[in-house]
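A short reminder: the numbers here are calculations on the coordinates, not readings from a lab. Since this is a predicted model, take the numbers as computed values, not measurements. Positions of Cβ are generated from backbone atoms using ideal geometry, with glycine treated the same way; all protein chains shown enter the neighbour counts.
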Amino acid sequence: MDLLEQLKKLEKQIEKEINEAQDVQRLNEIRITYLGKKGEITHILRGLKDVSLEERPKIGSYANQVRDKVSNLISDKTNTIKKSDLNKKLLKETIDVTLPGRPFHNGHLHVIQKIIDEIEEIFLGLGYDIVDGYEVEDEKHNFTLLNIPKDHPARDMQDTFYLENGYLLRTQTSANQSRDLENHDFNKGPLKMLTPGKVYRRDTDDATHSHQFHQIEGLVVDHNITMSDLKGTLTIVTHALFGNDLSVRFRPSYFPFTEPSIEVDVTCFNCHGKGCSICKNTGWIETLGAGMVHPNVLEMSGIDSNIYQGFAFGLGPDRFAMLKYGINDIRTLYTNDIRFLNQFN
Ligand code: FA5
């Protein structure tokens, strides 16, 4: 077979292979096989020197034509394949903007945190500072510095969870009182502190008691502070939270760290004072304990009780939440049933 025929056969063969090629990689292989340095057409072009002088121009020009044709065919097909690949990819990534959006589940604050925020807001308006205390406390701050020495029966009333190193889970936010007193610089003005947080007790759980609950401690110390300042403050807060519909009652009580001491009750939201299982038939729900800071507490923190007086209170936001939203069992606040919690969104 002469060289011209060989070329024509090769041309057909290459055209067939290009037509059958399915992807760019295969086209590259074809390019290398026939047009590469060691490719077959290149080989023929290099061998032209051995062809007779009269045949050389004819075969040479044909070989060049085949080379250009093959190169163009490969480029065209490569472009076609690339275009179709891109179209397929775009089709796959198409977003149907008419589809309905997926709902975004937005979280919200827990009802206890909402009440704490509301109470903080009221006290910030009254000029209080908000400070964090420690949930893990030492006995000294939780009891001794609050005028509850070792063996005092009041320790039993607030039995708690002790850690192996002698520390305990605080039973009351009052544990922060002596820290506030020690840290305050009275040259800069009166002390007005609010300490919210979790507290723990070995209480038996029922509709109004939980072994873990929240308290908000308030402490005010200055010159000439009296019981009427305390009553005025607590009345403002209960009315701001519950409106004037629920009655508030102050009754004498006992806390080792306040003298005199009081407890504050609010009319039961469920029976409106008639008596029911929630208020244990008293018609009232106890919301907080309070009193005038005991001179011993001031003295133990290095403050002269002849110069300074103060009041303190510890309120239970869990109970406030129950009163405000008519929740009839404190335990529902801690079981995290989303259906219950979503009502307060
Ligand atoms: C105290 O804890 C005192 N530290 C309060 C205090 C502070 C008195 C400053 C004087 C001066 P008491 O144990 O009564 O007091 O608790 C205060 C409030 O916490 C209660 O009125 C109630 O609202 C809430 N509380 C008490 N025990 C529980 C409980 N087991 N579950 C839910 N709330 C509780």
Requested in this report: Look through 236, 307, 338, 303 and report the one residue that is away from the ligand (no atom under 14 Å from the Cβ) and closer than 15 Å to residue 216 by Cβ.
Outcome: 236
Report task. Return yes when residue 31 is within 23 Å of residue 12 (Cβ to Cβ) and out of contact with any helix residue (DSSP H, G or I) (no Cβ under 6 Å at 6 or more places or on another chain) and no when it is not. Result -> no
Query raised in the report: Looking at residue 265, is it in contact with an Asp or Glu (Cβ under 7 Å, 6 or more places away or on another chain), under 24 Å from residue 114 (Cβ atoms) and surrounded by 14 or more Cβ atoms within 10 Å (Cβ to Cβ)?
Result: yes
Report summary line: Pairing a residue in segment 208-221 that is over 8 Å from residue 316 (Cα atoms) and in contact (Cβ under 8 Å) with a residue 40 or more places away in the chain with any residue that is among the polar types (S, T, N, Q) and more than 8 Å from the ligand (Cβ to nearest atom), where Cβ atoms lie under 7 Å and the two sit 6 or more apart in sequence or on different chains, gives 217/176; 217/195
Report task. Please tell me if residue 266 is within 14 Å of the ligand (Cβ to nearest atom), closer than 21 Å to residue 228 by Cβ and in a helix (DSSP H, G or I). Result -> no
Query raised in the report: Looking at (1) over 19 Å from residue 148 (Cβ atoms); (2) surrounded by 19 or more Cβ atoms within 10 Å (Cβ to Cβ); (3) away from the ligand (no atom under 12 Å from the Cβ), can you tell me which one residue 333 breaks?
Result: (3)
Report summary line: Every listed condition ((1) within 30 Å of residue 199 (Cα to Cα); (2) part of a loop (DSSP other than H, G, I, E, B)) holds for residue 53 save (1)
Query raised in the report: When you scan segment 92-117, how many residues do you find that are assigned to a helix (DSSP H, G or I) and more than 21 Å from residue 324 (Cα to Cα)?
Result: 1
Query raised in the report: Only one residue in 243, 314, 273 is more than 10 Å from the ligand (Cβ to nearest atom) and in contact with a Gly (Cβ under 6 Å, 6 or more places away or on another chain), so which one is that?
Result: 273
